[in-house]
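Laboratory data are not the source of any read-out in this text; all were calculated from the coordinates shown. This is a predicted model, so every value here is computed, not measured. Every residue, glycine as well, gets a Cβ built from its backbone with ideal geometry; the counts of neighbours run over all protein chains shown.
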Amino acid sequence: MPAKPKKAVGSGKRSAKKKCPICGKPATEASRPFCSERCRDVDLNRWLSDSYRIPAANDDDEDGD
Ligand SMILES: [Zn+2]
């Protein structure tokens, strides 16, 4: 049996600041994991616009008659 796949964890220290996934700046405590609320909004908008692309299964259209 293969051993459990270990995740590539860099430094397990929590003090290591994460980088903002949007702009790459160091994340702040207030807006983790983003550097600012602006970047958090950007990420949210991305996520939303991405989900909009997924066609929603509409079962409201009741044309059974
Ligand atoms: Zn940012």
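See the values below:
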read-out: For Cys35, net neighbour charge (Lys/Arg +1, Asp/Glu -1) across residues whose Cβ lies under 15 Å away; value: +3
read-out: Long-range HN-HN contacts of Lys19 with modeled amide H, under 5 Å; value: Ala27
